[in-house]
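**Student:** One structure, as structure tokens, below. Some questions next.
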Amino acid sequence: MADSTRHPATPGPPKAFLAAIEKLLRPLVRLLLSQQITFPLLSSMLKGIYIDVAEKELQVPGKRQSDSRINLLTGVHRKDVKRLRSETKSPSTVPVNISVGAKIIGYWLGSPRYLDNSGNPRPLPLKAATSHDASFDELVEKVCRQDIRPRVILDEWLRLGVAHIDSNGNVVLNSGAFTPDQGYDEKLFFFGKNIHDHISAGTHNLLGQKPSHFDRSVYYDGLTRESISVLTNLANSLGMKALTDMNREALKRQDKDKDQSRAHYRMNFGIFNFNAESDSARSDPVDE
């Protein structure tokens, strides 16, 4: 797809675009190296991804996507194109414990039955005293439809730091429940999902596709550690409120839309906060 913002006579991608890609890749490469993923391994992965994207997303209407055209689009050798296109790819699936857990948390944070008068998730007894009372068992069974025992979910949540048991024996949802404190596989799943969707939103906007996706941030430098601490606490507070409000409305609309044939869209609303010492200050003494 051509970039309409670049002058036709300009050879190769714009320098500003390459600079942005390099900046984007640096933290990813740092993560890859920490996991002993070398350049040859990454290069092999990229070949398959280049071919898959070219095959599925850069098709000419009414024409079959040939090996030669994919070779032309990607620069990957035709032998590799033919070999990789013929390989069977394993479908990507969401781990059961993650998909079920996310739905349960969504209901707990979004359904009035499980909220207190301030709109916060109520501590829930494991089992209800009467059939009219809300309980953790009832919540799990509402989402899982008897497929998974509530105790299995609870034990996993306690391990991941998603919830804890209070002094009254109630299950309490921890404040950071949208992302577990523990559990490397769970963190990896959300890392891939959220970064994928954030980059997809930026790509959509850079390509000039409409309507644009909301993609904004607030950034300042020249701040002290004390100011960073204050702003971090504010970010956590505002971020959780925004996530909770969005979850509540999305749950309401999902229940409303579930029987409609047009209900085949998905959404992902995320918030991030990052801080670090400025590059220009890293060689200077740190103030105590």
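The values are calculated or read from the model by the stated rules, or taken from the named source; none is laboratory data. Here the structure is a predicted model, which is why all the values come from computation and not from measurement. Cβ placement follows ideal geometry from the backbone for every residue including glycine, while neighbour counts extend to all protein chains displayed. Areas reflect the complete protein model, heavy atoms only, side chains present, ligands, DNA and RNA absent. Shrake-Rupley method; radii C 1.70, N 1.55, O 1.52, S 1.80 Å.
**Student:** If Gln254 satisfies all but one of (1) among the polar types (S, T, N, Q); (2) in a loop (DSSP other than H, G, I, E, B); (3) at pLDDT 90 or above, what's the number of the condition it fails?
**Tutor:** Of (1) among the polar types (S, T, N, Q); (2) in a loop (DSSP other than H, G, I, E, B); (3) at pLDDT 90 or above, only one is false for Gln254: (2).
**Student:** Can you name every residue in the range 199-218 that is in a loop (DSSP other than H, G, I, E, B), within 17 Å of Ile21 (Cβ to Cβ) and more than 17 Å from the chain's Cα centre (by Cα)?
**Tutor:** Residue satisfying the conditions is Leu207 alone.
**Student:** Taking the conditions exactly as written (more than 27 Å from Trp157 (Cβ to Cβ) and open to solvent by less than 100 Å² (accessible area, probe 1.4 Å)), does Gly101 satisfy them or not?
**Tutor:** Here the answer is no, as Gly101 does not meet what is asked.
**Student:** Contact list please: Cβ distance under 6 Å, first residue in the range 237-263 and closer than 30 Å to Asn273 by Cβ and hydrophobic (A, V, I, L, M, F, W, C), second residue open to solvent by less than 70 Å² (accessible area, probe 1.4 Å) and modelled with pLDDT under 90, pairs at least six apart or on different chains.
**Tutor:** If the second residue must be open to solvent by less than 70 Å² (accessible area, probe 1.4 Å) and modelled with pLDDT under 90, the pairs left are Leu243/Phe178.
**Student:** Being out of contact with any strand residue (DSSP E or B) (no Cβ under 8 Å at 6 or more places or on another chain), surrounded by 13 or more Cβ atoms within 10 Å (Cβ to Cβ), without any contact (Cβ under 8 Å) to a residue 12 or more places away in the chain and not in a helix (DSSP H, G or I): is that true of Gln59 here?
**Tutor:** no
**Student:** Could you list, in sequence order, the residues of the range 241-280 that are open to solvent by less than 70 Å² (accessible area, probe 1.4 Å) and among the small types (Gly, Ala, Ser)?
**Tutor:** Ala242, Ala250, Ala263, Gly270, Ala276, Ser278
**Student:** Can you find, within the range 131-157, the residue that is modelled with the lowest pLDDT among those that are open to solvent by 30 Å² or more (accessible area, probe 1.4 Å) and assigned to a loop (DSSP other than H, G, I, E, B)?
**Tutor:** Among those that are open to solvent by 30 Å² or more (accessible area, probe 1.4 Å) and assigned to a loop (DSSP other than H, G, I, E, B), it is Gln146.
**Student:** List the pairs whose first member sits in the range 208-225 and is farther than 11 Å from Ile271 by Cα, whose second member is open to solvent by 80 Å² or more (accessible area, probe 1.4 Å) and modelled with pLDDT under 95, and whose Cβ atoms are under 8 Å apart, counting only residues at least 6 apart or on separate chains?
**Tutor:** Taking only residues 6 or more apart or on different chains, the pairs are Gly208/Ser4; Gly208/Thr5; Thr224/Asp287; Arg225/Asp287.
**Student:** Considering Leu126, Leu160, which residue is open to solvent by 50 Å² or more (accessible area, probe 1.4 Å) and hydrophobic (A, V, I, L, M, F, W, C)?
**Tutor:** Leu126
**Student:** Shifting gears a bit: Give the number of residues within the range 109-130 that are within 24 Å of Lys252 (Cα to Cα) and assigned to a loop (DSSP other than H, G, I, E, B).
**Tutor:** Result for the range 109-130: 8.
**Student:** Test Leu206 against the stated conditions and say whether it is open to solvent by 80 Å² or more (accessible area, probe 1.4 Å), closer than 28 Å to Ser111 by Cα and among the aliphatic types (A, V, I, L, M).
**Tutor:** no
**Student:** What number goes with the only condition from (1) in contact (Cβ under 8 Å) with a residue 24 or more places away in the chain; (2) among the polar types (S, T, N, Q); (3) within 30 Å of Asn247 (Cβ to Cβ) that Ser92 does not pass?
**Tutor:** (1)
**Student:** Whether any residue in the range 219-233 is within 23 Å of the chain's Cα centre (by Cα), farther than 28 Å from Leu28 by Cβ and modelled with pLDDT of 95 or more is what I want to check.
**Tutor:** The answer is yes, given that some residue of the range 219-233 is within 23 Å of the chain's Cα centre (by Cα), farther than 28 Å from Leu28 by Cβ and modelled with pLDDT of 95 or more.
**Student:** Okay, next question. Of all residues being open to solvent by less than 80 Å² (accessible area, probe 1.4 Å) and of a type in the set (Ser, Thr, Tyr) in the range 209-233, which is nearest to Glu57 (Cα to Cα)? Just the residue, please.
**Tutor:** Ser212
**Student:** Of the residues that sit in the range 183-208 and are among the aliphatic types (A, V, I, L, M) and in contact with a helix residue (DSSP H, G or I) (Cβ under 9 Å, 6 or more places away or on another chain), which one is farthest from Trp157 (Cα to Cα)?
**Tutor:** Result: Leu206.
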